[in-house]
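Peer 1: So that we are looking at the same thing, I have put the structure below in structure tokens.
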Amino acid sequence: MLLINLLGYLLGKYSQNFDLDDNQRTLILQTMLFFFWLAGGAAVFSAVCGFSYANSLYFCDVTILTVGFGDFVPTNNAGRGILMPYAVLGIISLGLVINSIHKFGSVTKVKIIKAHTENLRIDTISRSVTNERQLRDRLGLPPREHPHEDHMPHSPHSQRPDSLRSIEQYGELNISGRNVTFHPNIKESHDKTKTNDYLSSRRRTFVSKLLHPFRVPIKASSKDEKAAANMFRSVPRKMTDRRQKLVLLRSERERFSAMREIQNETRRFRRYYHLSISVVAFGILWCCGAVVFWKAEQREQGMSYFEALYFCYVSLLTIGYGDFSPRSNAGKAFFIFWSLVAVPTITLLVNNMSHTVISGISHITSTVADWTIMPRLGIFQDFVSRHPKLEKRVGKQIEEHEEKERIERGFTIQDPDEEAADQAADTVEHPTIEKIAGESMSNPELVKRLALAIKKTAQDMHIQPPKRYSYEEWAEFTRLIRFTAETPEELLEEEVTEGLIEWDWIGEDSPMLSDVTEPEWILDRLIESLKRYTARQARKVCILISWTSFVIFLRCGNHIRIN
């Protein structure tokens, strides 16, 4: 590749200088060192052991790759003595090359995984709705004749309001957790035409409503806005085609949970991506290499294709029994090229696949232990909560059981205090970030909590696997990040100069899309918050000193004038 670039420079096709990063430069230098070591060792063994240079190069390749067929071995003590340091340093050099290739390939893998995460995020945004008006716009349904405040049910088990019942006249509306599925059922053709005409008229105004509170025009600029615009332009005109699953995201907690699901899906994609790449690469190198060796060695030793597969498998895993080895000139030449590509590649792929298999086995072992010999507290409740239909069935059985117990217990008068406590428990809501961040608390108490939070996140940075915080923990951290922010007019300037303060969980600026772990991201923002607080206190002290000096100056001036 370097020679190709040099030729391109001489022909005026490429620039004189290479634009390389450190990983690329290291890979080139280590690869050149490895091939100099391979070629130089071949020259030494050719002179010492009496091999031809081609056979000596083949012998060095088999030695450094630790295959060791045994068809070529050192023939004298000098060759054996040279082999000892040569093999050790050659294996180390090969290991450095493999490590550099691994780092170089990791960049590409990270880009692919990030692209997959971004596609999932944009897909979630494009399918999200927050109220009934957006749901009707997304389904292409006309608005209600008597519009009131837009609202949606708080759970799949809650009673549907009249607004959703009015949607059911156009088809079947299913709400399962956060997923909303609509199966249209239009009987009269003029109703379908009316609905499609309404959908066409609403195309120009839907994106601005969807992107509330930004109220941007149709010409979008950010990725999220473009995703929403493209999504709406791709909505089919026929209601019979609109069977997509929409995502109901009413609160910030649900947006947080949606981003967590995207992270979990990305983790599964990463695991199966590594596994599929490993299997495909192994199959290509194995089967295609066997075809070449089959054709090259068929005349020399009558090798069949199955024997060629066996030979390639033994070579790829560096077993090297020696019952089959290349004997033809073409077979030896191809083996040098093929092994230098295949063996390091398979080493990397087996390493990636082992991590995938090990993580899968660990997960299966932990799951079996949680359900059998080492039961985990609350595992059944977590399993039921992840399956809305099962949760609904279990809830119905619990209600029937409680009703049966009440009938057997008979009529009882409840204590007024207990009744008030039950009502208070029913009205308890999950804390939101806005609610927690807006709670009144003195600055000294917040500063104390800020210091403790910095200490906690600094300790969490050393936990493996990286710690992932719950919504309640994120809410507390958010309050500690935002309480030092200035007025809303100065917020934008602060975010540009000091770091992110406001964000959306499934937006482009989501903390969960950061390249660093959650403890690192939070620690950085908490330190910025502490810097803002100390800067504010310093400004107050400066202002106080200035006013004090001014008052003292005035009093001293009056005293001198009087005297």
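The values are calculated or read from the model by the stated rules, or taken from the named source; none is laboratory data. No experiment lies behind these values; they were computed from the predicted model shown. All Cβ positions, even for glycine, are placed from backbone atoms using ideal geometry, and neighbour counts span all protein chains on display.
Peer 1: Pick from Gly360, Gly395: which is part of a helix (DSSP H, G or I), of a type in the set (Gly, Ala, Ser) and within 26 Å of the chain's Cα centre (by Cα)? Steps first, please.
Peer 2: Details: Gly395 fails: within 26 Å of the chain's Cα centre (by Cα).
The conditions single out Gly360.
Peer 1: Is it fair to say Arg80 is among the basic types (Lys, Arg) and loosely packed, with under 14 Cβ neighbours inside 10 Å?
Peer 2: On the way: among the basic types (Lys, Arg): yes; loosely packed, with under 14 Cβ neighbours inside 10 Å: yes.
When the stated conditions are applied, Arg80 passes them.
Peer 1: Continuing with the same structure: Output the residue which, of all residues in segment 268-281 that are of a type in the set (A, V, I, L, M, F, W, C) and in contact with a helix residue (DSSP H, G or I) (Cβ under 6 Å, 6 or more places away or on another chain), is farthest from Cys312 (Cα to Cα). If you could, list the steps in order and put the result at the bottom.
Peer 2: At the first step, the residues of segment 268-281 found to be of a type in the set (A, V, I, L, M, F, W, C) are 269, 275, 277, 279-281.
Then keep just the ones that are in contact with a helix residue (DSSP H, G or I) (Cβ under 6 Å, 6 or more places away or on another chain); that gives 269, 275, 281.
Numbers: Phe269: 30, Leu275: 21, Ala281: 14 Å.
Selected residue: Phe269.
Peer 1: For segment 20-67, enumerate the residues that are buried (at least 17 other Cβ atoms within 10 Å of the Cβ) and not in a helix (DSSP H, G or I).
Peer 2: Residues satisfying the conditions are Phe51, Leu65, Val67.
Peer 1: In segment 299-306, is there at least one residue being surrounded by fewer than 16 Cβ atoms within 10 Å (Cβ to Cβ), more than 28 Å from Leu348 (Cβ to Cβ) and touching a Ser or Thr at 6+ places or on another chain (Cβ under 8 Å)? Steps first, answer last, please.
Peer 2: Let us first name the residues in segment 299-306 that are surrounded by fewer than 16 Cβ atoms within 10 Å (Cβ to Cβ), namely 299-302, 304-306.
Then drop every residue that is not more than 28 Å from Leu348 (Cβ to Cβ), which leaves 299-302, 304.
Then keep just the ones that are touching a Ser or Thr at 6+ places or on another chain (Cβ under 8 Å); that gives 299-300.
Within segment 299-306 (the criterion being surrounded by fewer than 16 Cβ atoms within 10 Å (Cβ to Cβ), more than 28 Å from Leu348 (Cβ to Cβ) and touching a Ser or Thr at 6+ places or on another chain (Cβ under 8 Å)), the answer is yes, since at least one residue qualifies.
Peer 1: Are there any pairs, at least 6 apart or on different chains, whose C-beta atoms fall under 8 Å, with the first in segment 340-352 and under 23 Å from Phe36 (Cα atoms) and the second polar (S, T, N, Q) and in a helix (DSSP H, G or I), and if so, which?
Peer 2: Ala342/Ser315; Val343/Ser315
Peer 1: So which residues in segment 273-291 are modelled with pLDDT of 90 or more and over 25 Å from Leu94 (Cα atoms), if there are any at all?
Peer 2: Val291
Peer 1: With (1) without any contact (Cβ under 8 Å) to a residue 24 or more places away in the chain; (2) in a helix (DSSP H, G or I); (3) surrounded by 13 or more Cβ atoms within 10 Å (Cβ to Cβ); (4) aromatic (Phe, Trp, Tyr) as the list, and Phe72 as the residue in question, which single condition is left unmet?
Peer 2: (2)
Peer 1: Sticking with this structure for a sec: Of the residues Phe282, Phe269, which is within 25 Å of Met512 (Cβ to Cβ), aromatic (Phe, Trp, Tyr) and in contact (Cβ under 8 Å) with a residue 24 or more places away in the chain? Please lay out each step first, then the result.
Peer 2: Details: Phe282 fails: within 25 Å of Met512 (Cβ to Cβ).
Exactly one residue qualifies, and that residue is Phe269.
Peer 1: Counting only residues that are of a type in the set (Lys, Arg) and loosely packed, with under 15 Cβ neighbours inside 10 Å, which one in segment 232-259 is modelled with the highest pLDDT? Don't jump to the end; show me each part of the working.
Peer 2: Keep residues of segment 232-259 that are of a type in the set (Lys, Arg), which gives 233, 237-238, 242-243, 245, 250, 253, 255.
Those still in the list that are loosely packed, with under 15 Cβ neighbours inside 10 Å too: 233, 237-238, 243, 245.
On the way: Arg233: 43, Arg237: 38, Lys238: 36, Arg243: 45, Lys245: 73.
Ranking the candidates gives Lys245 first.
Peer 1: Considering each of Phe337, Phe324 in turn, give the residue that is at pLDDT 90 or above, loosely packed, with under 15 Cβ neighbours inside 10 Å and outside the structural domain of Thr63 (by TED's automatic domain parsing). Before the answer, list the steps.
Peer 2: Details: Phe324 fails: loosely packed, with under 15 Cβ neighbours inside 10 Å.
Sole residue among the options that is at pLDDT 90 or above, loosely packed, with under 15 Cβ neighbours inside 10 Å and outside the structural domain of Thr63 (by TED's automatic domain parsing): Phe337.
Peer 1: Here's a follow-up. Contact list please: Cβ distance under 6 Å, first residue in segment 113-142 and of a type in the set (A, V, I, L, M, F, W, C), second residue surrounded by 17 or more Cβ atoms within 10 Å (Cβ to Cβ) and in a helix (DSSP H, G or I), pairs at least six apart or on different chains.
Peer 2: Between residues of segment 113-142 that are of a type in the set (A, V, I, L, M, F, W, C) and residues that are surrounded by 17 or more Cβ atoms within 10 Å (Cβ to Cβ) and in a helix (DSSP H, G or I), the close pairs are Ile113/Arg270; Leu120/Ile262; Ile122/Ala227; Ile125/Asp224; Ile125/Ala227; Val129/Leu135; Val129/Arg138.
Peer 1: I need the full set of residues from segment 137-165 which are buried (at least 17 other Cβ atoms within 10 Å of the Cβ) and either modelled with pLDDT of 75 or more or of a type in the set (S, T, N, Q) (or both), in order please.
Peer 2: Selection gives Asp137, Ser163.
Peer 1: Continuing with this model, one more query. Would you be able to say whether some residue in segment 482-489 is modelled with pLDDT under 80 and either in a helix (DSSP H, G or I) or under 27 Å from the mean Cα position of the chain (by Cα) (or both)?
Peer 2: Yes.
Peer 1: Next question, about the same structure. Failed condition for Val107, given (1) in contact with a helix residue (DSSP H, G or I) (Cβ under 8 Å, 6 or more places away or on another chain); (2) surrounded by 13 or more Cβ atoms within 10 Å (Cβ to Cβ), with all others met?
Peer 2: All conditions pass for Val107, except number (2).
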